[in-house]
Each structure stands twice: as structure tokens, then as C-alpha cells.
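Here's the structure we're looking at; comments come further down.
The values are calculated or read from the model by the stated rules, or taken from the named source; none is laboratory data. Model, not experiment: these values are computed from the prediction. Note: ideal-geometry Cβ built from the backbone for every residue, glycine included; neighbour counts use all protein chains shown.
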Amino acid sequence: MTSAPASKDKLVDAFLRHLRLERRLSPRTEEAYNRDLKDMAGWMQEHSREWLNLSQADVRAWSAQRHRQGLSAKTLQRRLAALRTFYHYLKREGHIRLNPAMGVRAPKVERKLPSTLDVDQMKQLLELPGNSPLDLRDQAMMELLYSSGLRLAELVSVDLGDLDLPDAMLEVTGKGSKTRRLPVGQKACKALQHWLDIRPQLAKDHEPALFVSQRGKRLSPRSVQSRLAKRAQEQGAPHQVHPHMLRHSFASHLLESSGDLRAVQELLGHADISTTQIYTHLDFQHLAQVYDQAHPRARKKKTE
């Protein structure tokens, strides 16, 4: 692959060479930096500014103007990051003393709330008809996704040895190769036992995977997605259902019943509780009720 085309700006050209030769970034990444810096270069030309006399106020003005013009918060964040990196390089080379892009923040990226099914919709989804090996496998698969809040990658990587049905526990390996032990609900245990009874009819000899395809090998993530979408359509689900929707529903329903954010964080395997907090938006009414009942300054005094 060829490197990014040279600009007409000696400082930017030197920076791009630094990315290519010293940091050994890919041509695609180099071109992305070049493209992001061109936007600021265009703004500077309009406002008679240059790289070495750009101020923090100038960077804020550029950011605000681009946001008003419809540039997304996510794109602005990326362009500001490119600008900070460029000025960090200029400071290292002795061209400037202060980085004007430091301390300038883009507008917050709105976090899209995850789609969930309510309890009744989930109950309808999980009432699958049929007793064929594929029916029982799909039933067990869907029950386990919802019962333990698994990620898709965690589900397909589960081996027979990871499941302890007598103790109703499951060990999974999540992001960052971190393992966690999860409880398995009664309904899921029952569905899993039915699947294990019939699994030898499909599984190849010595295949360790809990869930296998018709060919007897470990089920792929794509297959799980398509089977779940098919089952949801057959059950008349109101949304296009995907595996992560069952995980979202698990988290939302658990938080609604318990209000225990830390416990939900542990069960989901989130490293940062801020990731789990998105589910509080789904159930703010319940949390507000808990607050009203529990906080000493929120409770109404009884009339005497």
C-alpha cells in the first residue's frame, strides 16, 4: 500500500513522516490523520491563522462552528484527538510551548439505549414448540442467554466442562480473557438437561462444545444469530431479536427487581460500572421509587 499523499504544509508533512517512519502506523491511519488535519487547515485559512499561532480559543471556535454545521460529536472527538497528537509532535520538536488542543472537549456522544424485551415478551419468545434435537438445542441456547446474561462470544465458547448443572453454575471467559462464575436459572437448567440428553445425536466424538451444529461441530456466532432471529419471527416477537437483546433484557429485568447495580455489573462482566449504568436509564422510575423509600431526606413525614 502507498502512504498518504503529501500535503502542501511542511509541518503536516513532517508529522505524517513521523507517523509512518517512527510510529510505523498504517497508510490508512496516516491518511485519516491527514484528512482530519485538513479540516482545521481549511478553517485556519478562512480565519487567517497558522499552526504555530493557533490558540485554545481558536480550537474551541473551530469545534463549535463544525458542530453547528452538523458534524457529529463522534467525528469531532476523532478530529480533536488528531489535532492533540499533531500538536504533541510539534511541542516535542520545539515548535511550540503549549498544546492549544489540550482541554478542548467535543460535545458528548449520545449513548443509544439498548433495545430490550419486557418480561411478557421474553416469556413468549422462550416458549418454543417442538422436540427435535435442533428445537431442544435452540431452547437451551436461548434460555441460557437470558438466564445468565451471556455475550454471544461467551455462549459459543462454552464447553461441556464449564457447565455444572447439579450446582446450577456456569463458568465463562469474557472480554480480556477474564473468567467469571454465573448462576443458571431453573428454567435454563431444565432446558439444558433436555439438550444434553439428546446432544449425542448431533455432536461429533470428542467435541467439547456445549452447543453444536447439525454437522456436529461447535456452533458459530452467525448461526446463533440466524437461529434466534428465525425463532423470534416464528414466536411473533415485536422486534428484530438478536443475542445481545437477551443480555440487555437480563440486565434490565435484574436491575428492575433488585436495584443492585454492583451485582448486575459483576454478572455482566463489566470492568467499569459506567458501562452498566446505561441500564439505569431503562428503569429510572424504579430507581426513583427505591430512592424515595430509602433515603432519609426523601421520605415524607407521617402526618401527626
- [ ] Tally the residues that are among the basic types (Lys, Arg) and at pLDDT 95 or above, restricting the search to the stretch 156-186.
- [x] 0
- [ ] Please work out which one of (1) under 32 Å from the mean Cα position of the chain (by Cα); (2) surrounded by 12 or more Cβ atoms within 10 Å (Cβ to Cβ); (3) outside any helix (DSSP H, G or I) is the condition residue 37 fails and give its number.
- [x] (3)
TODO: For the stretch 175-211, enumerate the residues that are more than 16 Å from residue 152 (Cβ to Cβ), in contact (Cβ under 8 Å) with a residue 24 or more places away in the chain and in contact with a Lys or Arg (Cβ under 9 Å, 6 or more places away or on another chain).
DONE: 195, 198, 199, 202, 208
TODO: Considering only residues that are out of contact with any His (no Cβ under 8 Å at 6 or more places or on another chain) and of a type in the set (A, V, I, L, M), look in the stretch 199-231 and name the one that is nearest to residue 279 (Cα to Cα).
DONE: 224
Task: Selection status of residue 28, free of Cβ contacts under 8 Å to residues at least 60 places away in the same chain, over 21 Å from residue 105 (Cβ atoms), of a type in the set (Lys, Arg) and not in a helix (DSSP H, G or I) - done: no
Task: Those residues of the stretch 39-74 which are of a type outside the set (S, T, N, Q) and on the phi > 0 side of the Ramachandran plot, in sequence order - done: 70
Open item on the list: Show me the helices (runs of 4 or more DSSP H) entirely contained within the stretch 65-152 in which 2 or more residues are among the basic types (Lys, Arg) and over 30 Å from residue 232 (Cβ atoms).
Closed with: 73-92
TODO: With the checklist (1) assigned to a helix (DSSP H, G or I); (2) under 29 Å from residue 203 (Cα atoms); (3) free of Cβ contacts under 8 Å to residues at least 12 places away in the same chain; (4) not polar (S, T, N, Q) in hand, flag the one item residue 166 doesn't pass.
DONE: (1)
Task: Matching residues in the stretch 190-221 - criterion: being surrounded by fewer than 19 Cβ atoms within 10 Å (Cβ to Cβ) and within 12 Å of residue 147 (Cα to Cα) - done: 190
